[in-house]
Each structure stands twice: as C-alpha cells, then as structure tokens.
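Notes to accompany the following structure.
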Amino acid sequence: MNAKTNKAIPKSILQRLSALRSQLTKWIVVRGLSRWVLIVLGVLLADILIDRVFKMDFSQRLIMLGVMIAVAAFFFFRRLLKPLAARPTNDALLYEVDRGNKSLNESLISSVELSRVEDFEATGVSQQLATATIEKGIEDAKKIDFGKIVDQPSYRKNLGILAVGVLALALLGIGVVSTKFLGTWFNRNIMLGSQQWPQGTYLEIVNAKDGKVVVPRGVNHRQLVNITEESTVTDVSLNLEIENAGGGRTIYSMKPTGKLDGLQHAFVFNNVSSEFRFRATGGDDVTEWVSVKLVEPPAILDLEMKVHLPAYTQSDLVLLKGDGPHPVLAGSWLEINANTNKPIQNAVLKSGDTTFPMKLSDDGQSFVASPGKDAPLVSGPYEFELLDEGGLGNARKSKFTLSLKEDAAPRVSAELLGISGLVSARAMLPTDFKVADEYGLSDVSFAANWKTEQPQPDQAQSTTALIASLEQQQTKPWRSSEDVAVFDLLPMKLPPGTSFRLAVVAHDNRPEMPGEGKSQEFLLRIVTDEELRSDLLRREDEQRKAFEQAYEIQLSLAAELEGLAISQAENGQTEVDFHKQREMKLLGLVRDQKGVGTAIDRIATRFEEFLVEIGNNRLEQAEKEVVPGRPSIEERYNDKIIQPIRELDTELITLATQYLDNCRRVEQDPAGLDQAVQQTGATQQIILERMKVILEAMNDSRSFQDFLNSLLEIKSIEATIKKENEEKMKPKDIFDDADPNDIFDDN
C-alpha cells in the first residue's frame with residue numbers, strides 16, 4: 001500500500017491499524033519461534049539418539065551437523081521469516097476487522113472507501129451524505145477493539161510452547177556443561193571433537209595422529225590396535241574395516257600379539273602403494289576413521305664404496321659393488337659416499353654392536369663415512385640406518401657384507417731338475433721354482449735340514465741360502481718370481497748316509513710377522529759315488545730292457561705285415577668280411593707302430609734325465625780321472641743313444657706309420673697293397689737295423705759302467721788300505737799305554 005492510499009484512510013483508523021499490525025507481528029513471531037524451537041529440540045534429540053546408538057564417525061557427525069543446521073535454517077525461514085515477509089495490506093486488515101465485528105455492518109469499510117473519493121459530484125454522490133457516512137464509520141471504529149481479530153488463545157499457547165522450548169534449550173545447555181553424557185554429545189556432534197560415549201571397551205589405534213597414520217610407500221605395514229586400560233570388557237575380538245579410494249569396504253580380523261597382557265592386536269597391510277582409510281571395531285567401540293598417508297621413506301640412491309688397502313701392499317683402491325660378501329684384507333678401511341632420495345637428519349652404519357657415524361652434507365641428501373679408519377673392520381653384515389627430517393626410518397635396509405681375510409702366505413711350488421732320490425755329496429740341486437704373493441714378496445730362499453747317521457754335536461743341522469730379495473728387484477712391489485736356482489751340496493761336505501731335506505721358502509712384505517710360504521720338501525739321501533752309479537746302472541738296465549721290448553714289438557710288426565700281405569679268405573668267409581678283417585688288423589698295426597715311437601721317445605727322455613743327473617752329481621769328473629781318454633758320458637749317451645733314438649722316432653718310425661696307413665687304404669687293391677707292403681717292410685727293416693745299433697751302444701755303455709764301477713771300487717779299496725797303513729806307520733806316543741805313575745820313580 002502506497003502513501004497515497006494510507007493518506008486516504010482516516011488518521012484515527014490508520015493508527016488503530018498500525019497497532020493491530022504490531023500485535024499481529026508479535027503473534028507471528030511467537031508462533032514461528034515456538035514451532036522452530038520444537039523442531040530444533042527434535043532434531044537435537046534425534047542426533048543424540050542416533051550417535052549414542054550407532055556411534056557415528058567423524059564424517060557422519062559432520063554430515064549430521066550440517067543436516068541439523070540446514071533443518072534449523074529451513075524451518076526458521078519457513079516458520080518465521082517467510083510469514084513476517086508476507087505483510088497484509090490495510091484493506092485486508094480492515095476487512096478482517098469488519099468481518100470480526102458484525103456490529104459495524106460494513107460502516108468502517110464504507111467510510112474508508114468514501115474517504116478516497118475526491119470528486120463526489122463527478123460520481124453523482126451527495127457530498128453531505130458521504131461526509132456523514134465517513135464520520136459514522138470513524139465513530140463506529142472508535143467503539144470496537146481491532147485486536148479482537150487476533151487469536152489470543154493460540155497466541156498464549158504458542159507463547160507457552162516457546163517458553164517451554166527455551167527452557168528445554170537452557171536445560172540442554174546446562175546439561176552440556178554439567179553432565180558427561182550431554183557433554184560427550186556436544187563435543188562429538190556440535191564441536192566435532194573426539195570424545196567417546198561411555199562404553200565397556202575402548203580402542204586406540206597406535207601411531208594415529210590427527211586422524212592419520214604415516215606409512216612408508218611400498219612396505220609391509222604392521223598396524224597395532226590397543227584395548228586401553230580404562231576398558232572393563234577386554235575379552236573381545238577386534239576387526240579392521242578398510243575403505244579403499246573407490247569407497248569399497250572390507251573387514252579383516254586382527255590377531256593378538258601376545259603383548260600388553262593380550263590387549264594388543266595387529267594386522268599387516270602388505271605392500272602399501274596407495275592411500276586408504278581404516279577403522280577398528282571391537283566390543284561396543286568403533287574408532288574414528290584413520291587415513292593412511294603415504295610418504296617416501298629415506299633410501300640410498302647411489303652408493304660408492306672404496307677399499308683402502310694397507311700401505312705395505314702399495315695397491316690401488318678397490319671398488320666394491322653389490323651386497324657381497326666382499327673379501328677385504330685385514331687392516332683395510334672403507335671410504336663410503338652415498339646420496340639419498342630426500343634430506344635426512346641422521347645416518348649411521350652398524351655392524352653388530354659396532355656403530356660407525358656418518359658425516360652429513362649441508363643439504364642432508366648425502367653423507368660420507370670411513371669405517372675401519374679409526375676402528376678395525378669386522379667380518380659380517382653392515383647395515384645403513386637412515387632417519388629423515390620427519391623421524392621416518394628407511395624401510396628397505398641398505399646393507400652389504402664384508403668377509404675379512406688375512407694376508408695369505410706366499411704360494412710356492414718347486415721341482416728338482418735332473419735329480420733323483422739318491423745324490424752324491426758333490427751334487428748340485430737345480431730347482432725350478434715359482435713364487436707368487438697377492439701383495440708383495442720380501443725374499444725367496446732355500447731351506448735345508450739334514451740328519452747324519454752319526455751326528456756330531458757341533459755340526460749344524462739346518463741352513464738357508466738366499467735366492468732373491470726385494471732389494472734386488474727393480475719393480476716394486478715384487479709380487480712373483482719364477483726361475484731356476486741351484487743349491488750346491490759340495491761346500492757342505494756331507495757324509496754318505498745323510499738324510500737331506502730341501503725346500504724353497506718365501507716371505508711376504510708384511511711389516512709385522514711376515515707370512516711364510518713353503519714348497520713341498522724334497523727328501524734326498526747322500527750316497528757314495530759307487531752307490532749312485534749302481535742305482536743309475538739299475539735304471540739304465542730298465543730302459544735297455546724297455547728298448548728290447550720295443551725292438552721285439554717292431555720285429556713282430558714286420559712279421560705280421562708280411563703275413564697279412566699273403567693272407568687269403570678262410571673257408572666260408574666272404575670277401576667283404578675278409579677285407580674288413582684285414583683292414584682292421586692293418587689299423588691295429590698302425591696303432592702299434594705309433595706305440596713303438598712313443599715308447600722309444602720315452603726311453604730317450606729317460607736317458608736325457610740320466611745325463612743331467614750325472615752332470616748334477618759331478619760323476620763325470622771322477623770317471624775321467626779313472627779312465628782318461630775314454631769318450632765322455634755325454635758322448636756315449638747323447639751321440640750313441642739319445643740322438644739316434646730321436647732320429648729313429650721322428651724320421652723312420654713316423655714314415656713307417658704313414659706307409660702302414662697307406663697299406664690300409666689300398667688293402668683291396670692287390671697290386672697296390674703288394675707295393676705298399678714292400679715299401680713298408682723295407683722301412684721296417686731299416687728301423688730294426690738302427691735299433692740293433694742302439695742296443696749295442698746300450699750294451700757297450702752297460703759293460704763300460706760295470707768296468708768303471710769295478711775300477712772305482714778297487715780304487716776305493718786301495719785308498720782305504722793306504723789310509724790304514726798310514727795310521728799304522730804313525731809313531732806311537734810312549735805315553736799311550738803307560739801309567740805315568742810307573743814311568744817315573746819317586747826314589
């Protein structure tokens with residue numbers, strides 16, 4: 001209604017309408033607030049009941065709080081704001097006043113309508129009549145109560161409801177402050193706190209902070225849930241409800257750990273690679289949802305390990321790769337450089353009870369360490385323990401294993417050249433030796449010890465002779481040596497019958513207690529020249545007999561070849577079988593002919609060894625003294641035995657083998673076979689003739705050795721007799737057999 005319309009209404013009536021409008025507004029406010037308070041109380045009561053019965057989680061309580069606020073706001077608007085906004089017009093109020101007062105008989109409405117007419121003459125209405133009607137309506141309005149149209153009983157009822165509702169809200173507020181029940185509800189549902197309803201079982205998710213559990217990505221996480229001490233019901237089974245990112249939920253049973261008097265339960269999340277949330281249930285308790293937050297655990301990205309060997313090894317750094325176990329020389333130390341995937345606040349390297357500190361870089365993403373530099377390294381596993389700035393440790397252990405090794409003693413091998421178990425007192429002992437050490441040698445020497453049949457008290461029983469030393473080497477470190485060294489027995493003048501042991505010994509270059517390596521010991525016996533010659537003669541006879549056997553085999557080969565050449569198929573034997581059989585026999589002759597060559601080659605080698613052994617024992621010098629002018633041993637052995645055997649093997653026997661093989665190839669050709677057999681037979685005859693000559697040389701050598709041994713024996717007897725005679729011819733001391741007391745007379 002605009003101002004013009006209000007102005008047309010008589011002022012006294014307009015004032016009465018304004019009072020009625022205020023009264024009506026109060027009625028609407030009381031009625032709306034009373035209904036709204038009841039709705040709010042109902043919603044709060046429903047929230048209390050729902051949370052107490054179902055124990056809503058945080059998200060559910062948050063949703064419920066939103067619903068309560070929305071419901072309160074909706075009904076506050078609908079029950080109060082909307083009615084207040086729908087203000088009735090003055091005409092509507094006048095109509096309601098007229099309708100509620102039958103005595104007015106529409107005089108009030110008529111008075112208001114006529115007061116709005118400005119030109120009565122234009123409408124055909126009498127000015128006097130209209131004025132009288134308006135005044136009558138004003139007078140009638142003064143006689144009635146406009147507030148009568150307002151429902152006073154309903155107003156009082158609504159006022160009572162509002163008072164009760166406000167009182168209930170006040171009591172609820174007092175209860176929140178003074179009672180645990182309502183205080184818990186207010187904390188959980190209005191303040192969205194974490195208080196729990198009174199219950200028999202209370203559960204606690206271990207390591208949960210602000211509704212989150214931090215878990216390293218990609219590990220197996222063992223989640224613990226404790227039944228707290230304030231629980232009165234503890235014999236319950238616990239479950240873990242897991243909700244994945246898609247909203248799907250799965251319930252798993254937890255297992256007691258046996259700790260905290262059985263009040264602790266555990267469940268393992270395997271290979272955690274995505275975020276999710278979970279909560280624990282058991283007894284009458286349901287925990288809040290806990291979100292799993294994944295973080296990258298600290299880890300070593302690049303690891304460089306270098307071994308610094310002890311100074312005496314003069315070796316370069318050794319780079320270690322992988323987990324090992326790595327063999328490391330005792331006395332070494334490690335240089336470790338590592339880079340991590342994130343800043344860390346602490347890093348240590350542990351081996352058993354030993355801890356090696358790390359030095360972190362300024363950015364915390366790399367560290368260095370020097371285990372073994374100040375404290376000795378030990379064998380076993382070494383493990384890095386990292387801690388990031390948030391206190392999270394490395395999930396996957398970075399470790400390696402060391403196997404400490406002592407510096408091994410030098411490796412020594414040796415072999416006597418041209419020496420048997422019997423040697424003369426003048427023998428030279430050529431020794432082919434090989435010595436090696438991983439880090440360096442100090443010296444190589446002979447070590448000898450002996451025991452005579454009649455040891456003299458003042459005679460030394462052992463000696464050493466330096467072969468080579470570090471000072472003699474041009475290259476340092478000196479790690480290997482391979483050579484032939486000679487140990488000479490002549491200066492030692494050992495008597496026959498002496499048991500002599502010889503070995504090659506090497507020492508490494510360790511500054512403290514050098515390691516010693518030793519070859520196998522060679523056990524020798526010192527004998528007279530006669531004994532040694534007899535032994536050589538025995539061994540020479542063995543080789544001569546072996547050569548005679550080879551000669552017999554060669555003679556048999558020639559005879560068998562002639563027999564095969566003229567052989568014919570036996571009765572009932574087919575030509576095919578005959579030729580196959582003869583070819584197989586020829587193949588056997590080829591094999592036997594090769595065997596003859598191998599046998600005589602071995603004999604030649606043995607005679608070469610005899611020759612070297614004779615030279616090493618210095619036997620040829622005694623031979624020249626006894627029989628001057630005779631060919632030397634080298635001439636007898638080398639020119640008449642060794643070289644003829646070598647030539648026989650490489651030239652004739654090889655040729656005979658080829659001819660025999662040719663006989664096999666032309667076996668089915670009578671003419672070709674006859675020619676091949678003749679060619680082979682002629683060669684074999686030459687071989688036999690040569691073998692006879694060699695046998696004669698061996699027999700001559702055998703006869704000469706017998707003759708020489710006899711002469712040497714006679715010479716030895718002569719020397720013995722001469723020595724005995726010289727002893728007899730010595731003047732005897734008169735005091736030898738006399739008693740000094742008898743020689744001189746005291747009178």
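Exposure proxy for E531, E512: other Cβ atoms within 10 Å of each Cβ, ordered fewest to most, give E512, E531. Close amide H pairs (under 5 Å, H built 1.01 Å from N) link N346 with L387, residues at least 5 positions away or on another chain. Phi angles across region 152-167 convert, under the Karplus curve 6.51 cos²θ - 1.76 cosθ + 1.60 with θ = phi - 60°, into 3J(HN,Hα) values of 5, x, 5, 5, 5, 5, 5, 5, x, 4, 5, 4, 5, x, 5, 4 Hz, Gly and Pro given as x. Here each label is just a point 7 Å from Cα along the line to Cβ, and for R217 and E583 those points are 7.8 nm apart. When L349, L404 are arranged by Cβ crowding within 10 Å, least crowded first, meaning fewest neighbours, the order is L404, L349. With both labels modelled 7 Å from their Cα along Cα-to-Cβ, the K157 to E438 distance reads 10.6 nm. Beta bridges per DSSP, both residues in region 199-295: antiparallel share near 85 percent.
Here I553 and S703 are evaluated by their C-beta separation; at R0 = 30 Å the FRET efficiency comes out at 0.75.
Ordering E575, E667, E296 by the number of other Cβ atoms within 10 Å of each residue's own Cβ, fewest first, gives E575, E296, E667. Of the GluC sites (Glu not before Pro) in region 221-328, the ones in a loop by DSSP (not H, G, I, E or B) with at most 11 other beta carbons within 10 Å are E229, E230. When the alpha carbon gyration tensor of region 347-432 is reduced to an equivalent ellipsoid, its three semi-axes come out at 57, 12, 10 angstrom, largest first. The string of couplings for region 402-409 from the Karplus curve (6.51, -1.76, 1.60, θ = phi - 60°) is 10, 10, 5, 10, 7, 5, 5, 5 Hz, one whole number per residue in order, with x for Gly and Pro.
For region 51-58, putting each phi into the Karplus relation 6.51 cos²θ - 1.76 cosθ + 1.60 with θ = phi - 60° gives couplings of 5, 5, 7, 9, 6, 5, 7, 4 Hz, in residue order, rounded to whole numbers and with x for Gly and Pro. Taking the three principal axes of the alpha carbon atoms in region 411-527, the coordinate ranges are 45, 31, 21 Å, sorted in descending order. Relative contact order of region 300-405: 29 percent, from C-alpha pairs under 8 Å at least 6 residues apart in sequence. Between the beta carbons of D353 and T234, assuming R0 = 41 Å, the FRET efficiency works out to 0.60 to the nearest 0.05.
Going down the list K434/K594; K359/K399; K55/K293; K350/K518; K82/K157; K212/K399, which pairs span over 28 Å between their C-alpha atoms? Over 28 Å Cα-Cα: K434/K594; K350/K518; K212/K399. Classified by the C-alpha gyration tensor, region 503-626 has an oblate form. Its axis ratio a/c, with a ≥ b ≥ c, is 1.5 or above, and a/b does not exceed b/c. Kirkwood's formula applied to the C-alpha pairs of region 300-405 gives a hydrodynamic radius of 14.1 angstrom.
Proximity of backbone amide H atoms, modeled 1.01 Å from N, is registered between R277 and E243, V292 at under 5 Å, excluding neighbours fewer than 5 places apart on the same chain. Close amide H partners of T257, meaning residues 5 or more places away or on another chain with modelled amide H under 5 Å apart, are Q264, H265, A266. Most simply put, region 411-527 has about 95% antiparallel DSSP beta bridges, counting only bridges with both residues inside it.
A short reminder: the numbers here are calculations on the coordinates, not readings from a lab. What you are looking at is a predicted structure, and each value in this text was computed from that prediction instead of being measured. When we count neighbours, we look across all protein chains shown, and the Cβ atoms used for this are built from the backbone with ideal geometry, even at glycine.
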